[in-house]
Amino acid sequence: MAVEIQIQREYGYVALVIVLYAFLNLWMGFQVGKARKKYKVPYPTLYALESENKDAKLFNCVQRGHQNSIEYMPVFFVMLLLGGIQHPLVASGLGAIYAIARFFYFKGYSSGVPENRLKIGGFNFLALFGLIICTASFGINLLIREVL
């Protein structure tokens with residue numbers, strides 16, 4: 001039995017949060033590029049070696065802040081897109097919190113003190129957990145409709 005899914009008008013907010021995050025990701029990438037020049041870490045080197053570069057830790061913190069955001073991006077996007085089908089306003093709100101927290105996560109990491117990433121940036125994990133709940137709710141709702 002098929003289930004018809006209707007996209008609510010408010011789903012547009014979900015799409016806009018994805019655009020916001022795309023711009024954030026581009027900005028983080030530019031910051032890594034600037035750090036490459038500043039700390040003299042040429043392409044294609046992903047991480048600097050402390051034995052070869054006295055500023056390796058500083059560069060690696062910038063690189064790692066961006067890399068970690070990329071690692072979580074697929075989970076974030078899928079949870080936002082699926083959870084937003086049933087809960088567009090909640091999901092887009094959580095998505096905006098996630099993006100803002102990821103900005104602070106990156107800024108904190110880029111400070112060269114990795115622990116700083118969690119001061120405000122740690123809220124990204126709470127937002128992501130909320131998105132997981134939205135997606136679980138959507139999945140359960142689909143299954144319940146199928147049974148009824």
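Against the condition among the basic types (Lys, Arg), assigned to a helix (DSSP H, G or I) and surrounded by fewer than 18 Cβ atoms within 10 Å (Cβ to Cβ), how does ARG9 come out, does it pass? Criteria not met by ARG9. Restricting ILE133, ILE70 to residues that are loosely packed, with under 13 Cβ neighbours inside 10 Å and under 19 Å from the mean Cα position of the chain (by Cα) narrows the list to ILE70.
Please work out if LEU143 is among the aliphatic types (A, V, I, L, M), at pLDDT 95 or above and in a helix (DSSP H, G or I). Judged against the criteria, LEU143 is not a match.
Taking the stated definitions as given, is ALA56 of a type in the set (Gly, Ala, Ser) and closer than 30 Å to GLN86 by Cβ? Here the answer is no, as ALA56 does not meet what is asked. The number of residues in segment 13-26 being over 11 Å from the mean Cα position of the chain (by Cα) and either at pLDDT below 95 or closer than 15 Å to ALA91 by Cβ (or both) comes to 5.
For segment 109-130, the tally of residues that are buried (at least 21 other Cβ atoms within 10 Å of the Cβ) and not aliphatic (A, V, I, L, M) stands at 5.
Residues that are of a type in the set (Gly, Ala, Ser) and closer than 18 Å to ASN25 by Cα occur at least once in segment 65-72. Between ALA91, ALA101, the distinction of being under 11 Å from the mean Cα position of the chain (by Cα), among the small types (Gly, Ala, Ser) and assigned to a helix (DSSP H, G or I) belongs to ALA101 only. Residues in segment 74-123 that are polar (S, T, N, Q) and free of Cβ contacts under 8 Å to residues at least 40 places away in the same chain: ASN116 alone. For segment 27-73, filtered to residues that are small (Gly, Ala, Ser) and part of a loop (DSSP other than H, G, I, E, B), the residue that is modelled with the lowest pLDDT is SER51.
The values are calculated or read from the model by the stated rules, or taken from the named source; none is laboratory data. Note that the structure is predicted; figures quoted are calculated from it, not measured. Methodologically, a virtual Cβ is constructed for each residue, glycine included, from the backbone with ideal geometry; neighbour enumeration extends over all protein chains shown.
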